[in-house]
Amino acid sequence: MALRVIPPRRPLRGRVTPPGSKSITNRMLLLAALATGESRLTGALKSDDTARMATALRAMGVGIDEPDPTGFVVRGHGRLAVPDAPLELGNAGTAMRFLAAACALVPGRVVLDGDAHMRTRPIAPLLAALGQLGVRAHAATGCPPVRIEGDGRLAGGRVVVDGGLSSQYVSALLMLAACGEAPIEVALAGGGIGARGYIDLTLAAMRRFGAAPHAVDEACWLVPPTGYRGTQALVEPDASAATYFWAASALTGGAIDLGVEAFTQPDAMAASLIARFPDMPPIIDGAQMQDAVPTLAVLAAFNRTPVRFTGIANLRVKECDRVRALATQLSRIRTGLGCELGDDLLVDGSPSLASQCLPTRIETYRDHRIAMSFALAGLVVDGITILDPGCVAKTFPGYWDALRGLGVDFMETA
């Protein structure tokens with residue numbers, strides 16, 4: 001099934017409630033599982049990625065109830081048990097990276113696996129760092145499947161991790177570190193990191209559950225062996241999801257109220273760039289707002305001047321190679337609209353694209369962000385059809401309904 005977007009031909013106005021943040025939900029689910037006592041999470045995201053995390057934690061003996069559409073009640077015991085079977089995590093990157101580290105606390109062997117694309121996503125830097133802590137961690141190809149063999153204990157010490165490919169490696173180690181038997185120092189190799197703002201999310205979540213990490217300097221954190229305590233926590237709405245509606249407002253000249261005054265997530269930095277449309281800057285560094293880049297790139301297709309996206313090499317190891325996917329699908333709309341320049345993306349936009357009929361079937365590569373961002377083009381260009389629209393269930397199952405609620409119509413096609 002595919003969805004053809006019918007341009008509304010009017011400004012989009014109304015209210016949309018973004019789902020809870022995937023990044024925060026999966027962090028809090030894991031921390032609640034590692035905590036002692038009961039935790040109640042409200043405003044959480046219920047999607048494929050968070051379901052993968054919850055299912056894996058249940059398999060390791062954690063009690064998790066879901067009393068309502070945005071709530072989790074987690075009963076942690078401060079430990080994880082050996083699961084009966086491999087943990088199947090689909091293409092949930094946060095679940096894979098975070099659990100690979102947490103499974104160091106399991107007294108026995110754990111195998112973590114995923115779908116075909118997950119088996120191409122690098123995890124070797126995280127496993128190398130775990131080895132420095134005495135954890136036996138192995139992945140034959142440097143990508144999942146991963147085998148972790150722990151003894152239920154974690155000594156203290158210092159670990160140096162290469163966070164250049166993903167900040168999730170660093171977050172995974174920081175969350176694990178509070179469960180050590182002595183303080184653990186987590187340092188960056190060379191000081192480089194992908195999206196530093198996500199480290200701040202991790203540290204904030206850890207403190208919410210009773211940990212006390214603190215920065216030694218810009219590239220090192222010291223985590224005392226506090227463990228975690230059950231608590232109540234509200235999950236912030238998802239800033240990445242918000243970018244679609246900010247862009248929809250900009251493209252159609254509308255006003256969509258999200259009911260959120262401020263976000264702590266780094267992708268919220270995209271709001272100031274979207275506010276400058278159709279005069280977005282000629283160079284946008286996407287390093288610290290990586291999940292917002294697809295939204296910004298599609299919006300840039302209608303900018304008055306070309307936009308070059310830099311600092312986005314990490315997008316090549318997301319749910320798909322997003323740099324290539326964006327360049328390829330933009331150029332399906334109009335030849336040369338998107339172009340790869342090394343690891344940069346150049347979007348040669350023009351406002352004249354709007355209101356044209358440019359029949360284009362958008363390949364989504366099973367990537368939720370490709371589907372959701374290219375739907376924005378369909379708000380002003382006739383003929384945009386999104387293949388595999390169901391892939392949005394990874395983080396935003398209600399996306400199409402949210403657009404319908406704003407008055408956007410769709411036509412189902414084969």
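The values are calculated or read from the model by the stated rules, or taken from the named source; none is laboratory data. No experiment lies behind these values; they were computed from the predicted model shown. Here the Cβ is made from the backbone with ideal geometry for all residues, glycine too, and neighbour counts use every protein chain on show.
Worth pointing out:
- Screening 285, 257, 238 for residues that are within 20 Å of residue 402 (Cα to Cα), surrounded by fewer than 21 Cβ atoms within 10 Å (Cβ to Cβ) and touching a strand residue (DSSP E or B) at 6+ places or on another chain (Cβ under 7 Å) leaves exactly one candidate, 257.
To keep it simple, each residue is scored yes or no on (1) out of contact with any Ser or Thr (no Cβ under 9 Å at 6 or more places or on another chain); (2) at pLDDT 95 or above; (3) of a type in the set (A, V, I, L, M); (4) over 30 Å from residue 252 (Cα atoms).
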site: 2; (1), (2), (3), (4): no, yes, yes, no
site: 7; (1), (2), (3), (4): no, yes, no, no
site: 11; (1), (2), (3), (4): no, yes, no, no
site: 26; (1), (2), (3), (4): no, yes, no, yes
site: 34; (1), (2), (3), (4): yes, yes, yes, yes
site: 58; (1), (2), (3), (4): yes, yes, no, yes
site: 76; (1), (2), (3), (4): no, yes, no, yes
site: 83; (1), (2), (3), (4): yes, yes, no, yes
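- Residue 95 vs. criteria part of a helix (DSSP H, G or I), in contact with a strand residue (DSSP E or B) (Cβ under 6 Å, 6 or more places away or on another chain) and buried (at least 17 other Cβ atoms within 10 Å of the Cβ): no
- From the list 226, 252, 202, the lone residue that is outside the structural domain of residue 290 (by TED's automatic domain parsing), surrounded by 21 or more Cβ atoms within 10 Å (Cβ to Cβ) and of a type outside the set (A, V, I, L, M) is 202.
- For segment 63-75, the count of residues that are in contact with a Leu (Cβ under 6 Å, 6 or more places away or on another chain) and under 20 Å from residue 152 (Cβ atoms) is zero.
- Any chance residue 385 is over 23 Å from residue 279 (Cβ atoms), outside the structural domain of residue 193 (by TED's automatic domain parsing), more than 17 Å from the chain's Cα centre (by Cα) and β-branched (Val, Ile, Thr): yes
- Among the residues of segment 1-21, none qualifies, meaning not one is β-branched (Val, Ile, Thr) and over 28 Å from residue 387 (Cα atoms).
- Residues of segment 354-368 that turn out to be in a helix (DSSP H, G or I) and either over 27 Å from residue 316 (Cα atoms) or out of contact with any Lys or Arg (no Cβ under 7 Å at 6 or more places or on another chain) (or both), as a count: 0
- Residue within segment 30-43 that is touching a Cys at 6+ places or on another chain (Cβ under 7 Å) and not acidic (Asp, Glu) present: yes
- Residues (under 19 Å from residue 124 (Cβ atoms), outside any loop (DSSP other than H, G, I, E, B) and either touching a strand residue (DSSP E or B) at 6+ places or on another chain (Cβ under 7 Å) or without any contact (Cβ under 8 Å) to a residue 60 or more places away in the chain (or both)) located in segment 175-195: 186, 187, 188, 189, 190, 192, 193
- Of residues in segment 315-331 being basic (Lys, Arg) and surrounded by 18 or more Cβ atoms within 10 Å (Cβ to Cβ), the one nearest to residue 374 (Cα to Cα): 322
- Of the residues making up segment 180-193, those that are within 29 Å of residue 238 (Cβ to Cβ) and crowded, with 23+ Cβ neighbours inside 10 Å number 2.
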